[in-house]
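Engineer: Input: one structure, supplied below.
The values are calculated or read from the model by the stated rules, or taken from the named source; none is laboratory data. Worth saying up front: this structure is predicted, and the values here are computed from it rather than measured. A quick note on method: Cβ atoms are made from the backbone with ideal geometry, for glycine too, and the neighbour counts reach across all protein chains shown.
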Amino acid sequence: MQGRINKVTLAETILAAHCGRKSVSPGDFISVRPDMILSNDITAPIAIREFYKMGVKKVFDPHKIVMVPDHFVPNKDIASAEQSKLLREFAAEHGINYFECGQMGIEHVLLPEQGLVLPGDVVIGADSHTCTYGALGAFATGMGSTDIAVAMATGEIWMKVPKTIRFVYHGRLQEWVGGKDLILYTIGQIGVDGALYNAMEFTGEAVDSLSMDGRFTMSNMAIEAGGKVGLCRADDKTVAYAKPRARRAYQAYELGHVDECAHVIEYDVSGLEPQVAAPHLPSNTKGVSQFRDVKIHQAVIGSCTNGRIEDLRLAATVIKGHKVAPFVRCIVIPGSQQVYLDAIKEGLVETFIKAGCAFSTPTCGPCLGGHMGILAAGERAVSTTNRNFVGRMGSPKSEVYLANPAVTAASAVLGRIASPAEL
Amino acid sequence: MISGKVFKYGANVDTDAIIPARYLNVSDPTELAKHCMEDIDADFVKKVDKGDIIVASTNFGCGSSREHAPIAIKAAGVSAVVAASFARIFFRNAINIGLPLLESAEAAAAASAGDTLEIDLEAGIIRSVTSGETFRANPYPSFMAGIIASGGLIEYTRRNLAGGAQ
């Protein structure tokens with residue numbers, strides 16, 4: 001299926017279609033009507049508080065609002081239970097989309113899987129990794145709770161139209177190299193503010209070759225370079241993913257014309273090895289072979305970045321027949337109940353448990369130092385998550401190294417950062 | 001006129017540094033303020049006085065979308081943040097809740113910890129009482145002036161909604 005090719009950037013095409021204008025240009029301030037408005041158990045309580053301050057009684061459209069308790073769920077303590085209770089009560093009162101513990105998943109795994117976000121959409125979420133849906137060719141971006149409150153009340157939100165930086169990835173990827181490695185490499189090249197205020201576009205044959213799961217991983221970390229959105233073109237794979245899930249019309253777009261991009265950055269990734277980001281920035285990235293002396297205490301496989309079924313398949317392929325190293329914890333967290341079920345059906349859960357991994361219900365949990373795998377002072381984790389800031393996974397004296405699921409699984413087995421090729 | 005002493009930080013101060021996620025099981029500003037900057041400056045909360053000013057290099061507030069970050073800074077008593085640049089979501093959040101931000105690479109580079117700054121928000125002028133130097137912050141886009149003048153996005157929207165209903 002061939003999408004539309006436009007003479008403006010994809011970001012501009014989608015934004016224009018959502019603000020009632022024929023065209024928009026970078027720098028324009030516009031009022032956008034989003035297709036979906038998201039918040040979670042950390043950000044929704046503030047959004048709900050601010051919502052009522054406006055003197056509003058009802059949300060503008062319950063079908064375009066979703067709340068997902070996922071960060072501290074199943075609730076880790078009384079305070080987080082009180083927060084989740086606010087979401088539950090608000091969702092029930094207003095009839096919005098809501099996923100209870102038992103049906104939920106990590107929001108950015110769950111929403112595409114459920115068909116709640118679709119190609120060509122504008123999606124805003126009170127979570128910085130809302131940019132994940134750019135993989136579908138949707139303009140999806142993170143905001144704060146107050147923005148979400150206003151959008152829930154009015155159906156509109158202000159935006160500044162971003163410039164676009166196109167990233168073109170040439171070449172065929174090596175074994176064990178995927179979306180996580182491409183995005184870590186990119187952030188390493190341009191820095192954590194290298195795409196600040198810009199739309200990023202990911203294209204080229206290496207991106208074309210990725211599954212949707214791999215593309216979600218790439219778009220997910222656009223924010224780690226400061227990007228407002230991380231867009232992929234909607235191709236046959238996108239449509240094959242979206243079509244059976246969609247319960248409303250959507251628009252599959254090609255990228256716009258390259259001349260309209262502010263910058264074009266091209267990489268030959270044919271020789272790229274799996275990438276690892278050392279503490280304490282996602283831009284501290286080098287090839288995995290540079291880290292072989294780094295001992296670990298914990299390995300985490302999951303999150304909105306790498307908690308999809310392909311991620312678990314990769315990790316299971318690596319770990320099958322091996323054991324997690326002595327005194328190392330390997331924690332595997334599926335991104336949604338559907339991913340969990342698929343992992344059971346495919347025998348992946350058995351593989352992980354026989355290898356000595358802990359296998360959890362879906363949650364953001366350890367990624368942000370919430371629960372389900374907090375690090376003590378002096379401890380070090382390798383993780384498929386997205387951030388390795390000071391204190392991100394627990395003690396401010398702990399360390400997080402970011403890697404893909406195959407590298408993380410191999411590291412769990414060897415007790416040090418390792419390439420799957422070493423097993 | 002804002003006046004306060006400087007707390008100086010480097011580049012890429014992330015929202016986990018501003019307010020660690022382990023404290024995000026509450027959203028009360030006073031509670032959040034108790035842990036502001038805890039993981040990169042354990043004494044910040046003890047030392048900060050009402051009106052003080054955070055000064056940092058590039059990409060201040062990068063990372064998560066948590067509005068708890070500007071809320072914690074504001075509730076800790078900080079009157080403004082001056083930085084060479086701000087991360088996008090943090091910038092929106094701060095404007096939305098009425099925490100003044102000033103973007104000036106020169107002012108950020110010149111200030112040292114403990115200096116006293118005076119800031120004229122309306123004029124966008126930052127003056128170092130310590131050194132006598134004066135800096136002009138990059139002006140806000142005119143679109144945002146209305147939000148800032150209203151004291152934040154909620155009041156701005158509330159007024160617009162009330163106006164539309166008449």
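Engineer: Within the stretch A:94-102, is there a residue that is in a helix (DSSP H, G or I), in contact (Cβ under 8 Å) with a residue 24 or more places away in the chain and away from chain B (no Cβ under 13 Å)?
Structural biologist: Of the residues in the stretch A:94-102, the ones in a helix (DSSP H, G or I) are A:94.
The next check asks that each one be in contact (Cβ under 8 Å) with a residue 24 or more places away in the chain; those that pass are A:94.
The next check asks that each one be away from chain B (no Cβ under 13 Å); those that pass are A:94.
The answer is yes, given that some residue of the stretch A:94-102 is in a helix (DSSP H, G or I), in contact (Cβ under 8 Å) with a residue 24 or more places away in the chain and away from chain B (no Cβ under 13 Å).
Engineer: Just checking, does the stretch A:376-383 include any residue being within 14 Å of chain B (Cβ to nearest Cβ) and either on the phi > 0 side of the Ramachandran plot or part of a helix (DSSP H, G or I) (or both)?
Structural biologist: No, the stretch A:376-383 has no match at all.
Engineer: Here is a follow-up. Condition test on B:Ile148, is it touching a residue at least 40 places away in the same chain (Cβ under 8 Å) and over 27 Å from A:Val192 (Cα atoms)? I'd like the intermediate steps shown before the answer.
Structural biologist: Details: touching a residue at least 40 places away in the same chain (Cβ under 8 Å): yes; over 27 Å from A:Val192 (Cα atoms): yes.
Yes; evaluated as a whole, the condition is true for this residue.
Engineer: Say we look at the stretch A:389-398 and pick out the residues that are crowded, with 22+ Cβ neighbours inside 10 Å and more than 9 Å from chain B (Cβ to nearest Cβ); which of these is nearest to B:Phe60 (Cα to Cα)?
Structural biologist: The selected residue is A:Met393.
Engineer: Let me confirm something: among B:Arg88, B:Arg158, B:Arg66, which residue is among the basic types (Lys, Arg), within 21 Å of A:Ser39 (Cβ to Cβ), at the interface with chain A (Cβ under 10 Å from one of its Cβ atoms) and over 15 Å from the mean Cα position of the chain (by Cα)?
Structural biologist: Details: B:Arg88 fails: over 15 Å from the mean Cα position of the chain (by Cα); B:Arg66 fails: over 15 Å from the mean Cα position of the chain (by Cα).
Unique residue meeting the criteria: B:Arg158.
Engineer: Would it be correct to say that B:Pro29 is surrounded by 19 or more Cβ atoms within 10 Å (Cβ to Cβ) and either within 11 Å of another protein chain (Cβ to nearest Cβ) or of a type outside the set (Phe, Trp, Tyr) (or both)? Before you say what the answer is, go through the steps one by one.
Structural biologist: On the way: surrounded by 19 or more Cβ atoms within 10 Å (Cβ to Cβ): no; either within 11 Å of another protein chain (Cβ to nearest Cβ) or of a type outside the set (Phe, Trp, Tyr) (or both): yes.
Criteria not met by B:Pro29.
Engineer: Quick check on my filter: what residues within the stretch B:42-59 are under 15 Å from the mean Cα position of the chain (by Cα) and within 10 Å of chain A (Cβ to nearest Cβ)?
Structural biologist: Correct list: B:Thr58, B:Asn59.
Residue-by-condition table, conditions (1) in contact with a helix residue (DSSP H, G or I) (Cβ under 6 Å, 6 or more places away or on another chain); (2) of a type in the set (Asp, Glu):
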{"site": "A:His257", "(1), (2)": "no, no"}
{"site": "A:Ser289", "(1), (2)": "no, no"}
{"site": "A:Lys295", "(1), (2)": "no, no"}
{"site": "A:Gly302", "(1), (2)": "no, no"}
{"site": "A:Glu310", "(1), (2)": "yes, yes"}
{"site": "A:Gly321", "(1), (2)": "no, no"}
{"site": "A:Val324", "(1), (2)": "yes, no"}
{"site": "A:Pro334", "(1), (2)": "yes, no"}
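Engineer: Return the residues of the stretch A:54-67 that are facing chain B (nearest Cβ under 10 Å) and either at pLDDT 95 or above or in contact with a Ser or Thr (Cβ under 9 Å, 6 or more places away or on another chain) (or both); say none if nothing qualifies.
Structural biologist: Step one: of the stretch A:54-67, the residues facing chain B (nearest Cβ under 10 Å) are A:54-56.
Of everything in the stretch A:54-67, those that are facing chain B (nearest Cβ under 10 Å) and either at pLDDT 95 or above or in contact with a Ser or Thr (Cβ under 9 Å, 6 or more places away or on another chain) (or both) turn out to be A:Met54, A:Val56.
Engineer: While we're here: Taking only pairs six or more apart or across chains, which ones have beta-carbon atoms under 8 Å, a first residue in the stretch B:1-12 that is more than 16 Å from B:Ala76 (Cα to Cα), and a second residue that is β-branched (Val, Ile, Thr) and modelled with pLDDT of 95 or more?
Structural biologist: Sorted first by the residue in the stretch B:1-12, then by its partner, the pairs are B:Met1/B:Ile119; B:Tyr9/B:Ile40; B:Tyr9/B:Ile54; B:Tyr9/B:Val55; B:Ala11/B:Thr58; B:Asn12/A:Val192; B:Asn12/B:Thr58.
Engineer: Please state which of the following conditions A:Gln103 fails to meet, knowing it meets all the rest: (1) within 20 Å of the chain's Cα centre (by Cα); (2) under 30 Å from A:Phe202 (Cα atoms); (3) surrounded by fewer than 19 Cβ atoms within 10 Å (Cβ to Cβ).
Structural biologist: (2) is the only condition that A:Gln103 fails.
Engineer: Tally the residues that are within 14 Å of chain A (Cβ to nearest Cβ) and either touching a strand residue (DSSP E or B) at 6+ places or on another chain (Cβ under 9 Å) or surrounded by fewer than 16 Cβ atoms within 10 Å (Cβ to Cβ) (or both), restricting the search to the stretch B:141-152.
Structural biologist: 8
Engineer: All but one of (1) of a type outside the set (D, E, K, R); (2) outside any helix (DSSP H, G or I); (3) touching a strand residue (DSSP E or B) at 6+ places or on another chain (Cβ under 6 Å) hold for A:Ala315, so report the exception by its number.
Structural biologist: If we test A:Ala315 against (1) of a type outside the set (D, E, K, R); (2) outside any helix (DSSP H, G or I); (3) touching a strand residue (DSSP E or B) at 6+ places or on another chain (Cβ under 6 Å), just (2) comes out false.
Engineer: Out of the residues in the stretch B:104-120 that are acidic (Asp, Glu) and touching a residue at least 60 places away in the same chain (Cβ under 8 Å), state the one that is farthest from B:Val6 (Cα to Cα).
Structural biologist: Of all residues in the stretch B:104-120, those acidic (Asp, Glu) come to B:106, B:115, B:118, B:120.
Imposing the further condition that a residue be touching a residue at least 60 places away in the same chain (Cβ under 8 Å) reduces the set to B:115, B:118, B:120.
Values: B:Asp115: 5, B:Glu118: 10, B:Asp120: 16 Å.
Only one residue fits best here, namely B:Asp120.
Engineer: Right, something else. With the condition being hydrophobic (A, V, I, L, M, F, W, C), I'd like the strands (runs of 3 or more DSSP E) fully within the stretch A:240-310 carrying at least 2 qualifying residues.
Structural biologist: On the way: elements: A:263-268, A:275-277, A:285-287, A:298-301.
Answer list for the stretch A:240-310: A:263-268, A:275-277, A:298-301.
Listed here are the residues, each with its yes/no results for (1) hydroxyl-bearing (Ser, Thr, Tyr); (2) within 13 Å of the chain's Cα centre (by Cα); (3) crowded, with 24+ Cβ neighbours inside 10 Å.
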{"residue": "A:Val117", "(1), (2), (3)": "no, no, yes"}
{"residue": "A:Ser128", "(1), (2), (3)": "yes, yes, yes"}
{"residue": "A:Asp147", "(1), (2), (3)": "no, no, yes"}
{"residue": "A:Lys160", "(1), (2), (3)": "no, no, no"}
{"residue": "A:Thr164", "(1), (2), (3)": "yes, no, yes"}
{"residue": "A:Glu175", "(1), (2), (3)": "no, no, no"}
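Engineer: Sticking with this structure for a sec: What helices (runs of 4 or more DSSP H) lie completely within the stretch A:138-235 and have 1 or more residues being within 14 Å of chain B (Cβ to nearest Cβ) and touching a helix residue (DSSP H, G or I) at 6+ places or on another chain (Cβ under 8 Å)? Spell out how you get there, then give the answer.
Structural biologist: Numbers: elements: A:145-154, A:179-190, A:205-208, A:212-220.
Result: A:145-154, A:179-190, A:212-220.
Engineer: Within the stretch A:1-47, how many residues turn out to be hydrophobic (A, V, I, L, M, F, W, C), surrounded by fewer than 22 Cβ atoms within 10 Å (Cβ to Cβ), at pLDDT 95 or above and not in a strand (DSSP E or B)?
Structural biologist: Number satisfying all stated conditions: 3.
Engineer: Go through the stretch A:75-130 and report how many residues are of a type in the set (Gly, Ala, Ser) and farther than 18 Å from A:Val59 by Cα.
Structural biologist: As a first pass, look at the stretch A:75-130 and keep what is of a type in the set (Gly, Ala, Ser): A:79-81, A:84, A:91-92, A:95, A:102, A:105, A:115, A:120, A:125-126, A:128.
Filter again for farther than 18 Å from A:Val59 by Cα, leaving A:79-81, A:84, A:102, A:105, A:115, A:120, A:128.
The total comes to 9.
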